[in-house]
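Working notes for the structure below.
The values are calculated or read from the model by the stated rules, or taken from the named source; none is laboratory data. Note that this is a predicted model, so its numbers are computed, not measured. Glycine also receives a Cβ, built like all others from the backbone with ideal geometry; neighbour counts cover every protein chain displayed.
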Amino acid sequence: MTHVFDLLDIKYPIIQGGMGNISNAKLTSAVSEAGGLGTIGCGTMTASEVEEIILATKILTDKPFAVNIALSVSPHPDKLVQLVVKHNIPIVSLSAGNPSPYIPILREKGIKVIVLVASVKHALKAEDAGADVLVAEGFEAAGINSDLELTTFTLIPQIVQHVSIPVLAAGGVGNGKGLAAAFVLGASGVQLGTRFIATKEAPFHDSYKNRLVKAEGTETIIVGRTVGQVRRILKTPYAERILNQEKEGITPDEYRVLTSEVLHAKGALEGDLKNGFLNSGQVTGLINNIPTVKELLDEMMEEAKKQINQTARLFDGYIH
């Protein structure tokens with residue numbers, strides 16, 4: 001198996017998850033400059049809006065970065081595929097939809113393809129379609145989530161057992177111990193989302209960052225179960241409003257309006273927690289500071305190395 005370092009041309013096996021309409025050049029470039037793989041999430045943005053972020057990111061870094069296309073979320077995925085080809089984006093991640101029609105187009109242009117999956121069935125289909133890397137996302141993760149509700153701890157070993165391409169773990173990873181655990185489970189690296197929000201380079205509202213630092217791991221909730229559109233967000237007045245409307249009865253279209261990318265941006269960028277929401281994974285319980293991205297990645301790698309060595313010595317003691 002080709003190592004994910006070489007495959008994606010990165011220093012650390014840590015990639016940034018797509019952040020939809022709150023994606024920005026500053027954080028994306030910071031992740032790539034620090035040795036990870038920064039990612040621009042397209043969300044519901046137009047191709048022109050995404051192009052602006054791509055061009056701004058290229059000014060800030062000459063390191064590889066990816067573009068995430070959420071297929072069932074974007075109103076024009078075909079235009080976004082054309083856009084990444086136009087700008088010679090080396091890596092594209094595909095999520096929230098069937099990636100099979102797009103993988104051959106991207107691979108033909110020499111673009112590496114990462115596919116987000118939440119089950120063995122999805123993983124096998126993505127591998128058969130030609131994916132280079134899989135991101136297996138557990139139910140602990142932030143934002144739009146799988147209604148299968150498999151946790152990262154159970155999902156990763158299942159998928160690794162059935163595929164031959166690299167698998168990255170997502171959901172519930174926020175420090176070096178989580179990275180070490182992912183390796184032990186058979187993953188080749190990790191994808192982070194929520195943890196990157198609470199970094200100095202992330203241009204989000206201070207109330208968002210501070211809320212993540214102060215929040216315990218139990219302060220996220222699931223909305224959308226009643227309409228089959230599951231999402232994990234932080235407990236806020238607006239989140240309670242969504243839950244109350246679900247209890248009273250809500251249509252899928254009404255729910256989509258309440259959880260639109262516009263209202264996510266209102267919470268994340270404006271700090272308006274009465275009229276906007278905040279995506280967040282259960283990893284909030286592990287966030288206790290706001291470092292630079294470089295400090296975060298360097299510390300994660302050092303901690304993972306230390307944890308793996310300690311675990312090896314502990315296990316060695318057991319078998320002797």
Task: Residue that is nearest to PHE196 (Cα to Cα), among those in region 49-76 that are modelled with pLDDT under 95 and either assigned to a helix (DSSP H, G or I) or within 19 Å of the chain's Cα centre (by Cα) (or both) - done: ALA70
Task: Filtered residues of region 244-271 (kept if among the small types (Gly, Ala, Ser) and either within 20 Å of the chain's Cα centre (by Cα) or under 19 Å from GLY20 (Cα atoms) (or both)) - done: SER260, ALA265, GLY267, ALA268, GLY271
TODO: Confirm whether THR46 is free of Cβ contacts under 8 Å to residues at least 60 places away in the same chain, crowded, with 23+ Cβ neighbours inside 10 Å and more than 20 Å from LEU7 (Cα to Cα).
DONE: no
Task: Those residues of region 209-230 which are surrounded by 23 or more Cβ atoms within 10 Å (Cβ to Cβ) and not β-branched (Val, Ile, Thr), in sequence order - done: ARG211, LEU212, GLY224
- [ ] Would you check if there is a residue in region 17-31 being out of contact with any Leu (no Cβ under 9 Å at 6 or more places or on another chain) and closer than 30 Å to GLN161 by Cα?
- [x] no
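So that you can scan it fast, the table gives a plain yes or no per residue for (1) of a type in the set (Val, Ile, Thr); (2) in contact with a helix residue (DSSP H, G or I) (Cβ under 7 Å, 6 or more places away or on another chain); (3) closer than 24 Å to ILE222 by Cα:
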site: VAL135; (1), (2), (3): yes, no, yes
site: ILE144; (1), (2), (3): yes, no, yes
site: LEU150; (1), (2), (3): no, no, yes
site: LEU155; (1), (2), (3): no, no, yes
site: GLY172; (1), (2), (3): no, yes, yes
site: GLY178; (1), (2), (3): no, no, yes
site: ALA187; (1), (2), (3): no, yes, no
site: THR194; (1), (2), (3): yes, yes, yes
- [ ] From the list GLY249, GLY228, GLY217, GLY281, pick out the single residue that is free of Cβ contacts under 8 Å to residues at least 60 places away in the same chain and of a type outside the set (Lys, Arg).
- [x] GLY249
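Count, please, the residues in region 101-142 that happen to be of a type outside the set (Asp, Glu) and not in a loop (DSSP other than H, G, I, E, B).
We begin by selecting, within region 101-142, every residue of a type outside the set (Asp, Glu); these are 101-107, 109-126, 129-131, 133-136, 138-139, 141-142.
Narrowing further to those that are not in a loop (DSSP other than H, G, I, E, B): 103-107, 112-117, 120-126, 129, 133-136.
Residues meeting the conditions: 23.
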Open item on the list: So the check is Cβ under 8 Å with 6+ separation or different chains; which pairs have a first residue in region 110-130 that's surrounded by fewer than 18 Cβ atoms within 10 Å (Cβ to Cβ) and a second one that's among the hydroxyl-bearing types (Ser, Thr, Tyr)?
Closed with: SER119/SER146; LYS125/SER100
Open item on the list: Taking the conditions exactly as written (aromatic (Phe, Trp, Tyr) and touching a Phe, Trp or Tyr at 6+ places or on another chain (Cβ under 9 Å)), does TYR208 satisfy them or not?
Closed with: no
Task: Residues (free of Cβ contacts under 8 Å to residues at least 40 places away in the same chain, in a loop (DSSP other than H, G, I, E, B) and either in contact with a helix residue (DSSP H, G or I) (Cβ under 6 Å, 6 or more places away or on another chain) or more than 15 Å from ILE222 (Cα to Cα) (or both)) located in region 259-278 - done: ASP272, LYS274, ASN275, GLY276
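Quick check: is even one residue across region 257-267 farther than 22 Å from GLY41 by Cα, modelled with pLDDT under 95 and of a type in the set (S, T, N, Q)?
Going through region 257-267, the residues farther than 22 Å from GLY41 by Cα turn out to be none.
No, region 257-267 has no match at all.
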Task: Breaking point among (1) outside any loop (DSSP other than H, G, I, E, B); (2) surrounded by fewer than 17 Cβ atoms within 10 Å (Cβ to Cβ), for LEU296 - done: (2)
Task: Enumeration of residues in region 1-43 that are of a type in the set (A, V, I, L, M), over 12 Å from GLU201 (Cβ atoms) and surrounded by 20 or more Cβ atoms within 10 Å (Cβ to Cβ) - done: VAL4, LEU8, ILE10, ILE14, ILE15, MET19, ILE22, LEU37, ILE40
